[in-house]
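Following: one structure in structure tokens, then a few remarks.
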Amino acid sequence: MRALQRLIQGKVLLLTICAAGIGGTFQFGYNLSIINAPTLHIQDFTNETWWARTGQPLPDHLVLLVWSLIVSLYPLGGLFGALLAGPLAIKLGRKKSLLVNNVFVVAAAILFGFSRRAGSFEMIMLGRLLVGVSAALQRLRGPADVAGELAELEQERAACRDRRARRPWELFRERALRRQVASLVVLGSAMELCGNDTVYAYASGVFREAGIPEEKVQYAIIGTGSCELLTAFVSCVVIERLGRRVLLMGGYCLMTCWGSVFTVALYLQSSIPWMPYLAMSCIFAFILSFGIGPAGVTGILATELFDQTARPAAYMVSGALMWTMLFLVGLGFPFIMEGLSHFIYVPFLGVCVCGAIYTGFFLPETKGKTFLEISEELHRLNFPRKSPGPTWRDPEVILSTEL
């Protein structure tokens, strides 16, 4: 009987993991990267549609603008979805919210499917917006010391007794959260502005700019996905061994290194035959450095730097910030690529340097520390002349934040 129960629990866990993966992070990654493959087809369709309507071709700069909007409307929809997710989950519950979420996906698929027959590139734009709204970023905890973590949570919520959940805008006004909010904003912005996500959205254009032959671009794109998959496994292993600060600083420093070599390779690609392949290798190394460092660490900052009263609001701020930055980068990258040519990654290198410097000087290490130990250290950093930290009492868990 007990063996049968374990078997059923194992199957339920497997199905849950598959559902969360396919319906959550898979959807995010798929919709972020899939748009780069039909780049030329969508641009031709946009031009043909405009010609059929007006009898004139759409100017090249407007074709580029429409294309960048099609790409960047996905993160804009994600911003709306991030703002709706909390209230929707509170009102309907997580399960019903996920079911309602499917309506956006189906509507987007219908718009994509009938856009050519309707002769409307605007349907593609609206579909990208709806897909962004439906994007679900889900996290599953791994097998660990559950009892130990629950004990930590019990201690942490003792600090939250008689304290209401903070609203998102209140985080920016409270001095006791100054270092936490600054770290969330700076490092969250750096993760989206470092140029990694543009590789997925505009991979084909980046590899063509690097001089990769057209018939080999598709294989290079497969290489970017393989690098991302590899980092998912490596990051899980090294994050607790090396610590957050080491991975963040190391990741941004390596990204600066590979980005610099990539820039040199672009500049010399016409004079040295093997430079395009060096540039491609740098892109792969850039993705690996990002996945092991910033991508693996930045997402957990809201959990480790904020207590239970501020954590839900911190997640809302983090989500809104991520999607906003992703929208801005997606909208501006085609024009950056056209304007800077060989020096396309120079602005992103500046972001990587700033991310490494901030991490080295201002981010406290959280490896191996409890929530209360982290809170006490942050209290000392926010109030350097006042030694007493917060006092801990007995509590009630805060499950949501007010809007």
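Key figures
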quantity	calculated
Residue under evaluation residue 317, criteria (1) surrounded by 18 or more Cβ atoms within 10 Å (Cβ to Cβ); (2) modelled with pLDDT of 85 or more; (3) farther than 20 Å from residue 375 by Cβ; (4) not polar (S, T, N, Q), criterion not met	(3)
Boolean, residue 259 is without any contact (Cβ under 8 Å) to a residue 60 or more places away in the chain and crowded, with 21+ Cβ neighbours inside 10 Å	no
Condition check for residue 79: more than 20 Å from the chain's Cα centre (by Cα) and not basic (Lys, Arg)	no
In the range 193-205, residue modelled with the highest pLDDT [restricted to those that are open to solvent by less than 10 Å² (accessible area, probe 1.4 Å) and assigned to a helix (DSSP H, G or I)]	196
Count of the range 90-124 residues which are open to solvent by 30 Å² or more (accessible area, probe 1.4 Å) and either touching a residue at least 40 places away in the same chain (Cβ under 8 Å) or not in a helix (DSSP H, G or I) (or both)	4
Conditions (1) within 16 Å of the chain's Cα centre (by Cα); (2) farther than 30 Å from residue 383 by Cβ: number failed by residue 186	(2)
Breaking point among (1) open to solvent by less than 50 Å² (accessible area, probe 1.4 Å); (2) β-branched (Val, Ile, Thr); (3) assigned to a helix (DSSP H, G or I); (4) modelled with pLDDT of 85 or more, for residue 246	(1)
From the options 179, 208, residue that is part of a helix (DSSP H, G or I), open to solvent by 10 Å² or more (accessible area, probe 1.4 Å), without any contact (Cβ under 8 Å) to a residue 24 or more places away in the chain and of a type outside the set (A, V, I, L, M, F, W, C)	208
Selection count, the range 346-370, where residues are of a type outside the set (A, V, I, L, M), part of a helix (DSSP H, G or I) and open to solvent by less than 40 Å² (accessible area, probe 1.4 Å)	7
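The values are calculated or read from the model by the stated rules, or taken from the named source; none is laboratory data. It should be emphasised that the depicted structure is a prediction, and the values quoted were computed from it without experimental measurement. In this analysis, Cβ positions are derived from the backbone assuming ideal geometry, glycine residues included, and neighbour counts consider all displayed protein chains. To get the accessible areas, we keep the full protein, side chains included, count just its heavy atoms, and leave off ligands, DNA and RNA. Shrake-Rupley method; radii C 1.70, N 1.55, O 1.52, S 1.80 Å.
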